[in-house]
Amino acid sequence: MALTGPQVEVRRDGAELDGLAAARAAVARATEAERSQAAMILAFALFACGRDAEALAAAEQSMQWVSASDRPQCAQFQEQLRGAVRDAVGAPFETTVSRLQGEIAGLEAEVARRRSWRFLNEADGFLHRTLRDLADKLAQFQQTTRPAVEERLRWARRIDELTRSHPLARTTWEAARAAIAAADGKLASGLYREVPIDLRPQMGLVPIGCNPASGLWEFYDLRSAFDPQRPTDPATLPIPVHQPDGSLLMADGMGIVFVLVPGGTALIGAQSTDAQAPRFDPAARVLEGPPVKVQLEPFLLARHELTQGQWLRLSGGERPSFYKIGERYDVAQADAVDNKIGEAHPVERVSWEMATRLLLHHGLDLPTEAQWEHACRAGTDTPWWTGDDAQSLAGAANVLDRLAERVHPQWGRAEGDFTDGYVGPAPVGTFRANPWGFHDVHGNLCEWCRDWASNNPYPRRPGDGLILVTEAARFRIVRGGGYNSPASIARASRPEGLGPEIRNTFTGVRPARALTR
């Protein structure tokens with residue numbers, strides 16, 4: 001009766017089927033004197049399992065077997081059963097359900113408040129922790145991973161079509177392919193002849209056209225312009241247009257512009273020992289030389305440092321930068337520009353690990369040191385692409401200048417007598433581009449490279465020039481110097497090393513992408 005009896009408060013919840021099986025066994029084994037009581041127990045067991053008609057029939061049968069002396073008690077049990085059946089389908093039942101729902105809500109609230117559980121059996125504790133961890137992961141999957149995957153699926157279904165034929169593109173992949181293959185110096189630079197390119201559509205990119213200043217072709221990355229937080233039809237994303245001087249009008253919402261960098265033999269590094277030998281630089285340190293020749297395949301490299309807006313869109317909402325959008329530098333100098341931080345400012349405070357993880361997720365990567373220096377020099381041999389002396393950086397680089405020297409004397413002394421107007425990072429594209437169209441390769445932010453740093457002269461991999469380090473290295477290479485770097489640190493050949501987990505306010509990212517051939 002403890003399993004199925006009429007007194008709900010003493011019944012063992014969840015044991016009704018066990019009680020029914022036990023009651024059937026009792027009826028089968030009951031003596032003639034026990035048969036009536038066993039039949040009544042069976043009736044309540046059937047009722048407890050929701051079998052009301054069978055329960056009433058069993059109760060009627062028990063009256064056939066009961067003795068005259070026990071008939072009044074049996075009749076009382078029978079009436080109790082009928083009342084229970086009536087209550088189960090009438091207003092009392094609704095009252096009971098309402099009461100139980102209230103108890104369940106109270107128990108759920110109590111469970112939600114609890115943060116730790118103790119079990120007498122360690123196996124039960126392990127099972128509870130495992131199931132709770134699984135439930136948390138499933139909830140997170142439902143809330144974040146599933147929507148992200150669904151969004152990527154929707155994007156993938158459109159991107160192939162838009163890559164091949166974007167309604168707002170002003171040129172086609174067929175035109176780009178023909179011009180680059182011809183490399184006639186008019187529709188495309190003759191530099192593309194050294195390593196011929198049979199260009200195919202690159203998934204997710206749209207051709208912008210040939211930069212009239214550099215002769216190199218440039219391409220627009222749609223995903224970095226698409227905001228999944230405010231989804232719009234990617235067919236409506238505007239494609240940038242070259243100005244007559246090759247510049248691009250930077251605007252909030254603008255995606256990554258990739259330059260197709262010509263392949264060929266690149267001379268990497270500098271030396272300070274022989275003024276008549278190639279790549280002489282009196283400031284070059286020992287680890288910058290001797291200059292080595294590296295065979296590079298053509299590759300795609302971002303024209304600008306990755307912006308805060310682009311990181312925000314690619315990451316789904318992350319804002320890692322110290323310099324926050326909407327804020328201003330706390331600089332009161334008269335010769336400082338009104339530097340309100342916007343989406344076009346470069347993203348900083350991103351570690352090598354963060355940058356690599358995000359870029360690889362979107363089919364991008366960091367450039368190797370060799371690729372970076374090849375693009376930075378853009379065919380020049382001087383310490384800076386602008387010339388032999390630091391003064392040549394005026395108007396072309398955001399480095400430690402006279403203004404920054406006054407505001408932050410702890411940063412050191414300026415090299416070159418000029419003021420660029422910025423004490424912190426400047427919006428990308430503010431300063432003059434190098435001959436291949438790249439902005440801010442000297443100054444603004446230091447830029448992560450893919451390679452491990454080493455003082456030993458390891459060989460470089462043909463194709464991308466990756467340094468083949470075999471020792472247990474601790475640092476990744478950064479290049480180009482930042483807004484707080486003297487001009488000598490921003491030289492084209494100077495590498496620095498940072499731990500891959502380091503985040504600071506003067507290091508950022510210039511994305512690269514391998515060319516699908």
Treat each spin label as a single point 7 Å out from the Cα along the C-beta direction, and report the E501 to D389 distance in nm.
4.6 nm
With r as the distance between the Cβ atoms of Q140 and S247 and R0 = 51 Å, compute the FRET efficiency 1/(1 + (r/R0)^6) and round to 0.05.
0.70
With unit charges on the beta carbons (Lys and Arg positive, Asp and Glu negative) and the dipole taken about the Cα centre of the stretch 297-437, which residue among L393, C376, G326 sits farthest to the positive side?
G326
For the chain, whose charge dipole is built from +1 on Lys and Arg Cβ atoms and -1 on Asp and Glu Cβ atoms, the candidate among G465, L445, P147 with its Cα farthest towards the positive end is G465
Using Cα positions and a limit of under 16 Å, work out the aspartates and glutamates in reach of K324, with same-chain residues fewer than 8 apart set aside.
D252, D338, E343, E348
In the chain, whole DSSP H helices that both stretch 18 Å or further along their axis by alpha carbon positions and average at least 1.0 on the Kyte-Doolittle scale are 35-48
Let me spell out the model: positive unit charges on the Cβ of Lys and Arg, negative unit charges on the Cβ of Asp and Glu, origin at the Cα centre of the stretch 151-514. What dipole size does that give, in debye rounded to 20?
820 debye
Please give the calculated 222 nm ellipticity per residue for the chain, where each DSSP H segment of at least 4 residues contributes -39500 (n - 2.57) and the sum is spread over every residue; nearest 500 deg cm²/dmol?
-10500 deg cm²/dmol
Summed side-chain charge close to L42 - residues other than L42 whose Cβ falls under 15 Å, Lys, Arg +1, Asp, Glu -1:
-2
Backbone HN-Hα couplings from phi across the stretch 383-396 [Karplus 6.51/-1.76/1.60, Hz, Gly and Pro as x]:
x, 10, 5, 7, x, 8, 10, 4, 4, 5, 6, 4, x, 10
I'd like the FRET efficiency for R406 and R432, computed as 1/(1 + (r/R0)^6) with the beta carbon distance as r and R0 of 35 Å, rounded to 0.05.
0.90
Relative contact order of the chain, pairs being alpha-carbon contacts under 8 Å that are 6 or more residues apart, as %
11 percent
Ranked list, fewest to most other Cβ atoms within 10 Å of each Cβ, for S454, S36, S165
S165, S454, S36
For N121 and Q229 in the same chain, what is the full-extension length gain: residue separation times 0.36 nm, less their Cα-Cα distance, in nm?
34.2 nm
Note: D70 to A283 extended length (0.36 nm per residue) minus current alpha-carbon separation gives 65.3 nm
Net lengthening on full extension, A57/K186 (0.36 nm per residue, minus Cα-Cα)
36.5 nm
At a threshold of 8 angstrom on Cα-Cα distance, excluding pairs fewer than six apart, so keeping six or more, what relative contact order does the stretch 368-514 reach in percent?
28 percent
Could you give the longest part of the chain that holds none of the GluC sites (Glu not before Pro) found in DSSP loops with at most 10 neighbouring Cβ atoms within 10 Å?
33-470
Can you tell me the relative contact order of the stretch 8-113? Whole percent, Cα pairs under 8 Å, sequence separation 6 or more.
19 percent
Enter the Cα centre distance for the pair the stretch 407-421 and the stretch 256-311, rounded to the nearest angstrom.
25 Å
At R0 = 60 Å the Cβ-Cβ FRET efficiency linking L153 and E103, nearest 0.05, sits at 0.90
Amide H contacts under 5 Å for Y323, placed H, 5+ residues apart
none
Using a 10 Å cut-off around each Cβ, can you sort C449, C210, C49, C74 from fewest to most neighbouring Cβ atoms?
C49, C74, C210, C449
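Here, each number is a calculation from the coordinates, and none is a lab measurement. For clarity, every value in this text was computed on a predicted model and none was experimentally measured. Methodologically, a virtual Cβ is constructed for each residue, glycine included, from the backbone with ideal geometry; neighbour enumeration extends over all protein chains shown.
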